[in-house]
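A short worksheet on the structure shown next.
The values are calculated or read from the model by the stated rules, or taken from the named source; none is laboratory data. This is a predicted model, so every value here is computed, not measured. Don't worry about glycine lacking a Cβ; one is built from the backbone with ideal geometry, like all the others, and counts go over all protein chains shown. Each accessible area value is taken on the protein alone, full model and side chains, heavy atoms only, with ligands, DNA and RNA left out. Shrake-Rupley method; radii C 1.70, N 1.55, O 1.52, S 1.80 Å.
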Amino acid sequence: MRLRLKKSVDIKGYPMHIAKIFTAMKSYGLIVADRGGNMYIQGTMDENWDNGVLNPIFHNFHVTDFEVIELGWKPES
């Protein structure tokens, strides 16, 4: 499933580097690979990411902050 962060979600007040991620989530969306449990957002592991900062901030979102763009989305081969 492909979701997009709703444009109405207020991202003001977040540090600029975090707001850029949220802006991308509003523009491009994100892909839900497994919806078996609680909504959990994660990214590619990278030493430049500070998961100690990102993970708590991602917990500020609720499933109602997202809109479904496409069900069963599959990337083109």
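Applying a threshold of 9 Å to beta carbon distances and a minimum spacing of six or more residues, or different chains, the list of pairs starting in the stretch 1-29 at a residue that is more than 12 Å from F58 (Cα to Cα) and ending at one that is open to solvent by 100 Å² or more (accessible area, probe 1.4 Å) and at pLDDT 95 or above reads K26/K7.
Under the condition of being among the β-branched types (V, I, T) and surrounded by 13 or more Cβ atoms within 10 Å (Cβ to Cβ), which residue from the stretch 32-77 is modelled with the highest pLDDT? That would be I69. With respect to (1) modelled with pLDDT of 90 or more; (2) assigned to a loop (DSSP other than H, G, I, E, B); (3) surrounded by 14 or more Cβ atoms within 10 Å (Cβ to Cβ), the lone exception for K12 is condition (3).
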